[in-house]
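Here the structure comes first, spelled out in structure tokens, and everything after it is commentary.
The values are calculated or read from the model by the stated rules, or taken from the named source; none is laboratory data. Keep in mind it's a predicted model, so treat the numbers as computed, not measured. With ideal geometry, Cβ positions are generated from the backbone for all residues, glycine too; neighbour counts draw on all protein chains shown. For the accessible areas, the whole protein counts, side chains as well, though only heavy atoms, and no ligand, DNA or RNA atoms are used. Shrake-Rupley method; radii C 1.70, N 1.55, O 1.52, S 1.80 Å.
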Amino acid sequence: MSNTRFNALKADAHWQKVWDDAETFAARDDSGKPKSYVLEMFPYPSGRIHMGHVRNYTMGDVLARFRRMNGMEVLHPMGWDAFGMPAENAAMEKGVHPGGWTRDNIATMKAQLKRLGFALDWTRELATCEPDYYGHEQALFLKFLEHGLVYRKESAVNWDPVDMTVLANEQVIDGRGWRSGALVEKRKLNQWFLKITAFADDLLSGLKSLEHWPEKVRLMQENWIGKSQGLTFRFALSASAGGMDKVEVFTTRPDTIFGASFVAVAADHPIAAASPEAATFVERCKQGGTTAAELETQEKLGFDTGLTATHPFDPAWKLPVYIANFVLMDYGVGAVFGVPAHDQRDFEFARKYGLPIRRVVSEGSKDAPEFHEDEAYSGPGTLVNSHFLDGMDVEDAKREVITRAEAGGWGEGSTVYRLRDWGVSRQRYWGTPIPIIHCDACGVVPVPVDQLPVVLPEDVSFDVPGNPLDRHPTWKHVACPKCGGAAVRETDTLDTFADSSWYFIRFASQPKDRPFDKAVAESWLPVGQYIGGVEHAILHLLYARFWTQALNHVGMIGVTEPFTGLFTQGMVTHETYKSADGRWLAPDEVRDGIEIANGQLITLGRVEKMSKSKKNTVDPTGIVDQYGADAVRWFMLSDSPPERDLPWSESGIEGAWRFVQRLWRLFEGQFEGRRAGEGADAALDRKLHQTIAGVAADIEALSFNKAVAKIYELANAIEKAQPSASRDVAVRTLMLLVAPMVPHLAEEAWAAAGGEGLIADAAWPAVDPALLVEDEVTIAIQVNGKLRDTLTLSKGQSKEAIEAAALASDKVIRILEGKAPKKVIVVPDRLVNLVA
Ligand code: ANZ
Ligand code: ZN
């Protein structure tokens, strides 16, 4: 048998061209086959593909190819999340145009993806930065506006006075702009909002139906939505303040009402604004952080307004009213009553300002109360010191107080959410223009749908900070669509999360004249398997779910959940290296613990996610050129469970390459003109069918590493087997089993073996269920009732054969000291008991 080497470079190029020319992976809307939608999160075109992409797309690819082989019409598309800040940063730093920079990157990355042989439907490729995508997004925005799901509101933003732009919270580091380093100011700007809060309950209850989502992601979304049920009620004030003679508060613990010792309002509450003496304190509060986490850790500070609030159940009981830095204006109603004994924040506050700590929930019984001395207790228990609530448990007491408040007309049961409406305005050039015109006479006027898309002007400059749309000489000046008078365009663009909130629908259906066709989109949706990084667990996945619910609400689509299956894959990691003088070194600057350039010893750092900052990245393209696409794909699937991190290693990729070559040598035996084996090999038949079934189940479960392990085992079994007709079948079947993973090798072998058509189009091998049954049994050998040895025998052996095998056991011979047993009891297929 000749041993040729599999020439991956040649095979990769050849088969990629064949698939491309034949549009093998173009999904047909009307094939009549059952449909399957497999999607990986589309990439941001940052420049080059990284190993994380390779791993993500390989996983989706295996599933897509597998489902095609199982007779499904598979939609497996690819596109580009192409708007965003990095393009503008490149424009500022390198003087290139964001559009040119982005489109160049797309071209590079597309070539890199093609080089990996992914079974993608390139006929549906889209880039969110092109008017034929974002124009339809503008239409959807207007549709939402028409249905009251979009509104405009003045709201505070982080303003970078040097870059003259609004910053996202993540872009503010220690109070300074992440790029400019300038002290960030709070500014009030008119901003557009999408009413995601209108869907808070639907987004929450929808999570229950998402059984094929990781539990952890569902929990993260649940917490983000943050539903709280309680009571909103009003305290009468001793004097009116800020035009109010009452202060409204929200509580989730109405049961603790008799433990109250103060009322507190947020620094930007109207009551706080009404007190001139509080101005300095209020100013100070505003400088502190405002995120929930920051508020949790900050020192609790308050300002006594001198006002008092009357307890709703006791007119003689007056509570001091404070302004406090731990009360948020945009949660609940921006005011609370404090119960130091049962809320940790209130506890710290009370300690600082000498307020009473009244314990009203006991962990013990009513008569033998048990309390915590040095901290607040927020768990369940029995009500004490609480008049008509005494003896009730917490839940009953909550209900009782709500009932009395509603009966008395001073409060009502209510639900609040942590979720805020989605502010989508960005003072940026490289995004979807918000299709609105501002007219002095008519106010806010939507751009008429027949005038869409509102196209971004190309002639912009980035030599001065700020939004180039704002200072463009002509772009923003338009005639008002209503009155024809001089008007200006909205110069804000949409948050790029809007672009990724519906791209999966556009993939499914892309008519020219509207965002998508309802029936066609519904024939593909929801995405059955979505694969991406866990970093998108909240924002992207929540926005996409909201957008789908909103489209459903306005009658544009029948589905309510976009992704029924979600998988979050682990990261690709690599060792880190540091030079003797503390510089990060790239893997190719190091050999055998030595920095190649200067021969000095390096220090080995931790294994971490591949990142440019630590220089521990490996560029996929170089590796693919060296080992071929299949070896890279195989390595991505083999070593780690897909949800765990995959440590990249030279030895790992080499091992994958060797296995690809080993498969080739196995396959060669089947190439045309080779002599066929004869006769059956029952054990190999069984192994083969168990592998077919096992690999199929593993791929469906995305347990690729397990599928790989089973393929290794089968390859071993085939290599050990004698020539036979069974062996020939096993080798040909193995080509099919590995086709989703190493498709170039599989095509090459299939063609050389005279297989019909493309292996990509071939059917997944059928399983003979009879061969799945295990036919070996383990039989226990006992001597005087004690387990001494076990036998592995084929099923259904005669009593005599089992007895003979048991007596031949070395262990048994030793224990019986060569003598014959007095008695032998055989339970076929189960056990042998020897009585000595
Ligand atoms: C009295 C009370 C007693 C409270 C007690 C808690 C424990 P979650 O579960 O997160 O919704 N709260 C209400 N509005 C607030 C605001 N704008 N800023 C800061 N805190 C606010 O929390 C609800 C609880 O957080 C409410 O119930 C209120 O304090 C506080 F033993 O009322 B509670
Ligand atoms: Zn007008």
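See the values below:
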item: Residue satisfying all of: in the stretch 309-340; over 16 Å from Gly259 (Cα atoms) and in a strand (DSSP E or B); nearest to ligand 2 (Cβ to nearest atom) among these; result: Ala335
item: The stretch 444-468 residues that are aliphatic (A, V, I, L, M), paired with ones that are open to solvent by 70 Å² or more (accessible area, probe 1.4 Å) (beta carbon under 6 Å, 6 or more apart); result: Val445/Lys482
item: Enumeration of residues in the stretch 652-675 that are open to solvent by less than 30 Å² (accessible area, probe 1.4 Å) and either modelled with pLDDT of 95 or more or assigned to a helix (DSSP H, G or I) (or both); result: Gly652, Ile653, Gly655, Ala656, Phe659, Val660, Gln661, Leu663, Trp664, Leu666, Phe667, Glu668
item: Members of the stretch 770-802 found to be open to solvent by 60 Å² or more (accessible area, probe 1.4 Å) and touching a residue at least 60 places away in the same chain (Cβ under 8 Å), listed by number; result: Leu772
item: Residue match in the stretch 605-612 (condition: touching a residue at least 24 places away in the same chain (Cβ under 8 Å), of a type in the set (Gly, Ala, Ser) and within 24 Å of Lys110 (Cα to Cα)); result: no
item: Residues located in the stretch 227-248, provided they are within 17 Å of Gly408 (Cα to Cα) and either within 16 Å of ligand 2 (Cβ to nearest atom) or more than 36 Å from the chain's Cα centre (by Cα) (or both); result: Phe233, Arg234, Phe235, Ala236, Lys246, Val247, Glu248
item: From the options Pro448, Pro473, residue that is within 18 Å of Tyr151 (Cα to Cα) and loosely packed, with under 13 Cβ neighbours inside 10 Å; result: Pro448
item: Set Trp178, Trp101: member being within 30 Å of Lys512 (Cα to Cα) and within 28 Å of the chain's Cα centre (by Cα); result: Trp101
item: Test: Leu142 is open to solvent by 10 Å² or more (accessible area, probe 1.4 Å) and more than 21 Å from Arg506 (Cα to Cα); result: no
item: Filtered residues of the stretch 459-493 (kept if hydrophobic (A, V, I, L, M, F, W, C), out of contact with any Ser or Thr (no Cβ under 9 Å at 6 or more places or on another chain) and more than 13 Å from ligand 2 (Cβ to nearest atom)); result: Val460, Phe462, Val464
item: Hits in the stretch 431-445 - residues which are outside any strand (DSSP E or B) and open to solvent by 10 Å² or more (accessible area, probe 1.4 Å); result: Asp440, Ala441, Cys442
item: Residue tally, condition touching a residue at least 24 places away in the same chain (Cβ under 8 Å), of a type in the set (Ser, Thr, Tyr) and over 23 Å from Pro340 (Cα atoms), over the stretch 234-291; result: 1
item: Only listed residue being on the phi > 0 side of the Ramachandran plot and open to solvent by 20 Å² or more (accessible area, probe 1.4 Å), chosen from Gly628, Gly605, Gly593, Gly622; result: Gly593
item: The one condition in (1) surrounded by fewer than 22 Cβ atoms within 10 Å (Cβ to Cβ); (2) closer than 23 Å to Leu194 by Cβ that Cys483 fails to fulfil; result: (2)
item: Scope the stretch 221-243; condition open to solvent by 20 Å² or more (accessible area, probe 1.4 Å) and within 16 Å of ligand 1 (Cβ to nearest atom); matching residues; result: Glu222, Asn223, Trp224, Lys227, Ser228, Gln229, Arg234
item: The stretch 246-257, subset open to solvent by 10 Å² or more (accessible area, probe 1.4 Å) and either within 16 Å of Ala316 (Cα to Cα) or in a strand (DSSP E or B) (or both), residue nearest to ligand 1 (Cβ to nearest atom); result: Thr251
item: Answer residue from the stretch 296-328, given it is of a type in the set (Phe, Trp, Tyr) and in contact with a helix residue (DSSP H, G or I) (Cβ under 6 Å, 6 or more places away or on another chain) and is most open to solvent (accessible area, probe 1.4 Å) among those; result: Phe303
item: Subset of the stretch 678-702 [surrounded by fewer than 18 Cβ atoms within 10 Å (Cβ to Cβ) and in a loop (DSSP other than H, G, I, E, B)]; result: Glu678, Gly679, Ala680, Ala701
item: Arg471 within 16 Å of ligand 1 (Cβ to nearest atom) and either touching a residue at least 12 places away in the same chain (Cβ under 8 Å) or over 26 Å from the mean Cα position of the chain (by Cα) (or both); result: no
item: Tally, over the stretch 737-748, of residues that are in a helix (DSSP H, G or I) and either touching an Asp or Glu at 6+ places or on another chain (Cβ under 8 Å) or open to solvent by 20 Å² or more (accessible area, probe 1.4 Å) (or both); result: 4
item: Lone unmet requirement of (1) under 29 Å from Ala629 (Cβ atoms); (2) open to solvent by less than 20 Å² (accessible area, probe 1.4 Å); (3) of a type in the set (A, V, I, L, M); (4) in contact with a helix residue (DSSP H, G or I) (Cβ under 6 Å, 6 or more places away or on another chain) for Ala717; result: (2)
item: Wholly within the stretch 31-117, helices (runs of 4 or more DSSP H) carrying at least 1 residues that are of a type in the set (Val, Ile, Thr), modelled with pLDDT of 95 or more and open to solvent by less than 20 Å² (accessible area, probe 1.4 Å); result: 51-69, 98-115
item: The stretch 382-394, residues that are in a loop (DSSP other than H, G, I, E, B) and open to solvent by 20 Å² or more (accessible area, probe 1.4 Å); result: Asn385, Asp390, Gly391, Met392
item: Qualifying residue in the stretch 395-417 (condition: in a strand (DSSP E or B) and buried (at least 22 other Cβ atoms within 10 Å of the Cβ)); result: yes
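To keep it simple, each residue is scored yes or no on (1) more than 28 Å from Lys114 (Cβ to Cβ); (2) within 31 Å of the chain's Cα centre (by Cα).
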position: Val618; (1), (2): no, yes
position: Val624; (1), (2): no, yes
position: Ala631; (1), (2): no, yes
position: Glu672; (1), (2): yes, no
position: His689; (1), (2): yes, no
position: Ala709; (1), (2): yes, yes
position: Leu714; (1), (2): yes, no
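Residues checked against (1) more than 24 Å from His311 (Cβ to Cβ); (2) away from ligand 1 (no atom under 12 Å from the Cβ); (3) modelled with pLDDT under 95; (4) surrounded by 15 or more Cβ atoms within 10 Å (Cβ to Cβ):
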residue	(1), (2), (3), (4)
Ser261	no, no, no, yes
Val265	no, no, no, yes
Ser275	no, yes, yes, yes
Glu294	yes, yes, yes, no
